[in-house]
Amino acid sequence: MNAIVNGRSLTIDQVAAVAGGQQVELAASAFEAMEKARAYVESLISRKQPVYGITTGFGRFSDVVIDAEDVGQLQLNLIRSHACGVGEPLSKPETRALMLLRANALALGHSGARPQLVQLLIDCLNKDVLPVIPTKGSLGASGDLVPLAHMALFLIGEGQAWDQENVIPARQALERAGLTPIILAAKEGLALINGTQFMAARGSLCLERARKLAQAADAIASLTCQALRGIPAAYSPLIQMVRPHPGQQACAANLLKLLEGSKLVSQPGELRTQDAYTLRCIPQVHGASNDAFAWVTEVLEREINSATDNPLIFADEDQVISGGNFHGQPIALVLDYLAIAMAELANISERRLERLVNPQLSDLPPFLTDKGGLNSGLMIAQYVAAALVSENKILCHPASVDSIPSSGNQEDHVSMGANAANKACQVVANLQDVLAIELLAACQAIDYRGPELLSPVGYKIYQLVRSLVSFIDSDRSFHQDIKSLSQLLADGRINTILKGE
């Protein structure tokens with residue numbers, strides 16, 4: 001089934017599906033809404049009415065009136081001058097997400113763009129013809145001007161496009177796909193670049209990864225709990241009932257399900273009275289992150305179904321209104337929150353890892369190796385996890401508390417939401433690797449306990465890991481082991497086991 005672009009109904013899951021290659025189609029209702037708004041824009045031009053970005057310059061030049069014969073050149077100049085991004089390019093899935101979100105915002109019919117402009121975006125998605133878009137250069141107000149300008153430059157046949165892993169001229173890529181570059185009409189350049197789709201696209205895909213990793217984190221934690229002979233009593237529903245945070249309750253219930261049937265877990269007083277916080281407080285920590293993800297989901301899904309450019313067209317009311325819907329503050333704040341919530345999942349994972357490898361904290365072999373001294377075991381793997389969680393702490397300084405005035409102080413407060421998105425993407429990558437290292441250590445520890453004593457679900461995950469990574473009987477380079485398990489987490493195969501598929 002194709003994803004429907006109508007401006008109103010996209011979800012994070014649908015964004016992820018289109019990012020992964022799902023086809024897209026434009027709703028008839030959106031076509032009609034855009035036609036009406038476009039007719040209104042044409043009427044404004046014919047009236048020679050001064051309207052920001054349609055018959056005037058931009059930013060500090062908003063008081064400069066542009067002659068009617070120059071409005072097309074105005075849009076072209078806008079795109080060329082703003083396409084000055086730097087840094088590594090967006091991944092192809094992120095680029096697809098960005099294009100989808102821009103098409104969806106325009107489809108609301110408040111931007112004044114012609115339907116054929118949105119159709120070109122959709123045709124490019126369906127034929128997988130994608131622009132090269134740098135990741136750095138946006139202040140997050142007036143929207144993501146710079147990265148979106150690179151997308152717009154591609155649509156007019158300038159700039160660069162992907163050809164497999166190579167870069168070719170945009171016009172060549174469009175022509176190969178049988179697509180014709182568009183000639184921008186009044187307002188359309190501004191409509192393409194004035195919005196929050198860079199930060200929303202990167203944020204949406206980062207969130208989708210985070211939610212998947214959070215599910216896997218519960219499963220990995222349950223393996224560690226069994227390897228350390230943990231006490232599931234801490235996950236009792238009675239405890240969660242008297243502190244009813246939804247994420248905490250769901251995580252505790254999930255852990256009990258994951259541990260059901262295990263012969264490795266213990267009872268209070270059997271080996272110890274209670275566990276350390278990294279085991280005992282998994283529901284409180286994982287649950288809080290999941291509650292954060294729920295809030296980020298709500299804000300992002302609201303944002304990706306919004307009109308975020310300026311000015312906005314209200315044809316039925318005969319109004320064009322300059323406002324600030326392009327300002328990325330709502331996104332900047334929640335993406336900072338997202339990074340913090342992900343970092344906490346990595347923090348507690350690394351501390352569980354430490355309990356697995358540290359002989360002072362368990363009865364397992366030091367660093368999970370035989371012949372310690374001759375072998376270092378997983379000693380340095382824990383170093384790597386520690387380095388990643390330390391980097392996360394640096395990355396979790398909020399981008400949203402910063403602002404640098406621009407455009408001659410006309411744009412005198414900006415969100416830095418794009419920086420928040422870029423940081424969050426690095427944090428989620430670090431989280432994935434930290435969880436992979438914990439998974440490596442947990443399965444190694446379980447081999448010393450006896451895999452046959454695991455819970456049924458735990459044993460399935462253990463078998464999956466062992467199909468990729470063998471028991472560590474002597475030191476080897478663990479780089480490929482960690483990479484294989486990190487890819488396992490990215491692929492979602494553990495999530496598939498958890499769904500019972």
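The values are calculated or read from the model by the stated rules, or taken from the named source; none is laboratory data. Bear in mind the structure is a predicted one, so any value in this text is a computation, not a measurement. Glycine gets a Cβ as well: all are built from the backbone with ideal geometry, and neighbour counts include every protein chain shown.
For this structure, a couple of remarks:
- Qualifying residue in region 263-275 (condition: outside the structural domain of SER142 (by TED's automatic domain parsing) and either crowded, with 23+ Cβ neighbours inside 10 Å or within 26 Å of ALA3 (Cβ to Cβ) (or both)): no
- Restricting ASP447, ASP481, ASP491 to residues that are modelled with pLDDT of 95 or more, acidic (Asp, Glu) and under 14 Å from ALA216 (Cβ atoms) narrows the list to ASP491.
- Here PRO131, PRO115, PRO93 are screened, and the one residue that is under 17 Å from ASP163 (Cα atoms), in contact with a helix residue (DSSP H, G or I) (Cβ under 6 Å, 6 or more places away or on another chain) and surrounded by fewer than 21 Cβ atoms within 10 Å (Cβ to Cβ) is PRO93.
- Verdict on LEU335 being touching a helix residue (DSSP H, G or I) at 6+ places or on another chain (Cβ under 6 Å) and crowded, with 19+ Cβ neighbours inside 10 Å: yes
- Scanning region 41-76 for residues that are touching a strand residue (DSSP E or B) at 6+ places or on another chain (Cβ under 6 Å) and not in a loop (DSSP other than H, G, I, E, B), we see that the one that is nearest to LEU155 (Cα to Cα) is THR56.
- Under the condition of being in a loop (DSSP other than H, G, I, E, B) and either free of Cβ contacts under 8 Å to residues at least 24 places away in the same chain or in contact with a Pro (Cβ under 6 Å, 6 or more places away or on another chain) (or both), the residues counted in region 451-501 number 8.
- Whenever a residue of region 162-174 is touching a residue at least 24 places away in the same chain (Cβ under 8 Å) and assigned to a helix (DSSP H, G or I), its partners that are among the β-branched types (Val, Ile, Thr) and surrounded by fewer than 14 Cβ atoms within 10 Å (Cβ to Cβ), lying with C-beta atoms within less than 8 angstrom and at least six residues away or across chains, give the pairs LEU174/THR180.
- Residue selection: ARG229 satisfies the criterion of being assigned to a loop (DSSP other than H, G, I, E, B), over 29 Å from the mean Cα position of the chain (by Cα) and buried (at least 17 other Cβ atoms within 10 Å of the Cβ).
- Index of the failed condition, GLY157 passing every other in (1) part of a helix (DSSP H, G or I); (2) farther than 30 Å from LYS257 by Cβ; (3) touching a Leu at 6+ places or on another chain (Cβ under 9 Å): (1)
- Condition broken by SER138, with the remaining ones in (1) in a helix (DSSP H, G or I); (2) of a type outside the set (A, V, I, L, M); (3) farther than 29 Å from SER29 by Cβ satisfied: (1)
- Of the helices (runs of 4 or more DSSP H) lying entirely inside region 236-304, the ones with 3 or more residues being within 20 Å of the chain's Cα centre (by Cα) and at negative phi are found at 282-303.
- All positions within region 1-16 that are surrounded by fewer than 18 Cβ atoms within 10 Å (Cβ to Cβ) and part of a helix (DSSP H, G or I): ASP13
- Any hit, region 103-111, residues being touching a residue at least 40 places away in the same chain (Cβ under 8 Å) and surrounded by fewer than 24 Cβ atoms within 10 Å (Cβ to Cβ): yes
- Condition check for GLY157: surrounded by fewer than 24 Cβ atoms within 10 Å (Cβ to Cβ) and either without any contact (Cβ under 8 Å) to a residue 40 or more places away in the chain or within 30 Å of VAL296 (Cα to Cα) (or both): yes
- Taking every residue in region 249-265 that is closer than 10 Å to GLY458 by Cα and pairing it with any residue that is buried (at least 17 other Cβ atoms within 10 Å of the Cβ) and among the hydroxyl-bearing types (Ser, Thr, Tyr), at least 6 positions away or on another chain, the pairs with Cβ-Cβ distances below 7 Å are LEU258/SER222; LEU258/SER455; LEU259/SER222; LEU259/SER455; GLU260/SER455; GLY261/SER455; SER262/SER455.
- Region 57-78, residues that are without any contact (Cβ under 8 Å) to a residue 40 or more places away in the chain and either among the acidic types (Asp, Glu) or surrounded by 16 or more Cβ atoms within 10 Å (Cβ to Cβ) (or both): GLY57, ASP63, ILE66, ASP67, GLU69, ASP70
- Options LEU100, LEU148; residue that is assigned by TED's automatic domain parsing to the domain that holds GLU42, part of a helix (DSSP H, G or I) and in contact with a Phe, Trp or Tyr (Cβ under 9 Å, 6 or more places away or on another chain): LEU148
- Some residue of region 442-450 being touching a helix residue (DSSP H, G or I) at 6+ places or on another chain (Cβ under 9 Å) and in a loop (DSSP other than H, G, I, E, B): no
- Sub-8 Å Cβ pairs linking a first residue in region 311-338 that is in the same structural domain as SER403 (by TED's automatic domain parsing) and closer than 23 Å to GLN410 by Cβ to a second residue that is among the acidic types (Asp, Glu) and modelled with pLDDT of 95 or more, at least 6 apart or interchain, are GLY328/ASP144; PRO330/GLU303; ILE331/GLU303, ordered by first then second residue.
- Meets criteria (modelled with pLDDT under 95 and either over 21 Å from SER376 (Cα atoms) or surrounded by 11 or more Cβ atoms within 10 Å (Cβ to Cβ) (or both)) for GLY500: yes
- Pick from region 403-444, criterion acidic (Asp, Glu) and at pLDDT 95 or above, ranking: surrounded by the fewest Cβ atoms within 10 Å (Cβ to Cβ): ASP433
Residue-wise test of (1) under 24 Å from ARG493 (Cα atoms); (2) of a type in the set (S, T, N, Q); (3) touching a Pro at 6+ places or on another chain (Cβ under 9 Å).
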residue	(1), (2), (3)
ALA173	no, no, yes
GLY195	no, no, no
ARG211	yes, no, no
GLN240	no, yes, yes
PRO246	no, no, no
SER262	yes, yes, yes
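- Answer from ILE348, ILE404, ILE340, ILE380 - the residue that is assigned to a helix (DSSP H, G or I), over 19 Å from ALA442 (Cα atoms) and aliphatic (A, V, I, L, M): ILE340
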